[in-house]
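Accompanying notes for the structure given below.
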Amino acid sequence: MTGTQHIITIAICAVATMATRFLPFIIFSEKRTTPKYIEYLGKALPAAIFGMLVVYCLKNVSILSGSHGIPELIAIAITILLHLWKRQMLLSIAGATVCYMLLVQLVF
């Protein structure tokens with residue numbers, strides 16, 4: 001890519017990101033009430049996305065070979081315990097990720 005193409009690509013990405021950030025505030029202003037369906041999606045989608053991520057992350061784990069899924073199970077347990085303890089999503093995810101990477105690199 002040329003320099004001009006790089007600049008155009010970055011500009012398009014910046015505009016698209018800004019549009020996706022600002023559009024909900026424009027569509028659902030304080031003057032209008034938010035539709036019940038959108039409120040429902042705001043409550044239901046986070047849990048659904050995390051469920052989908054768990055399935056995606058565990059889809060290739062084989063309990064019959066290799067480490068038998070032990071690092072994954074330990075990391076899941078760490079995620080649950082950290083979340084129950086501190087109730088901070090970022091801490092839970094980061095702590096379990098670090099734990100998993102250490103287990104895979106140093107133990108299994």
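The values are calculated or read from the model by the stated rules, or taken from the named source; none is laboratory data. None of these values were measured; they are calculated from a predicted model. A quick note on method: Cβ atoms are made from the backbone with ideal geometry, for glycine too, and the neighbour counts reach across all protein chains shown. In case anyone asks, the SASA skips ligands and DNA or RNA and just uses the protein heavy atoms, side chains included. Shrake-Rupley method; radii C 1.70, N 1.55, O 1.52, S 1.80 Å.
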For the chain, find the longest principal axis of its Cα atoms and tell me its angle to the long axis of helix 89-102, 0 to 90°, nearest 10.
40
Label model pair H68, E39: point-to-point distance (7 angstrom along the Cα→beta-carbon line) in nm is 5.0
Label W85 and V98 with points 7 Å out from Cα along Cα→Cβ: what is the distance between them in nm?
1.1
For the range 43-55, take each phi angle, set θ = phi - 60°, evaluate the Karplus expression 6.51 cos²θ - 1.76 cosθ + 1.60, and give the result in whole Hz per residue in order, putting x for glycine and proline.
8, 8, 5, x, 5, 5, 5, 5, x, 5, 5, 5, 4
Could you work out the relative contact order of the chain? I mean the mean sequence separation of Cα pairs under 8 Å and 6+ apart, divided by the number of residues, in percent.
16
Could you calculate the contour length gain from H6 to N60, that is, 0.36 nm times the residue separation minus the distance between their Cα atoms, to one decimal place in nm?
15.8 nm
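With every protein chain left in place, what is the accessible area per residue of the chain in square angstrom, probe 1.4 Å?
Heavy-atom accessible area per residue stands at 85 Å².
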Residues of type aspartates and glutamates that K59 reaches as a straight line, Cα spacing below 18 Å, ignoring anything fewer than 8 places off in the same chain
E72
Share of carbon and sulfur in the accessible heavy-atom surface of the chain [1.4 Å probe, %]
74
Rounded if a/c under 1.5, otherwise prolate or oblate - the chain, Cα gyration tensor axes:
oblate
Separation of the F108 and F25 label points, Cα + 7 Å toward Cβ, nm:
4.3
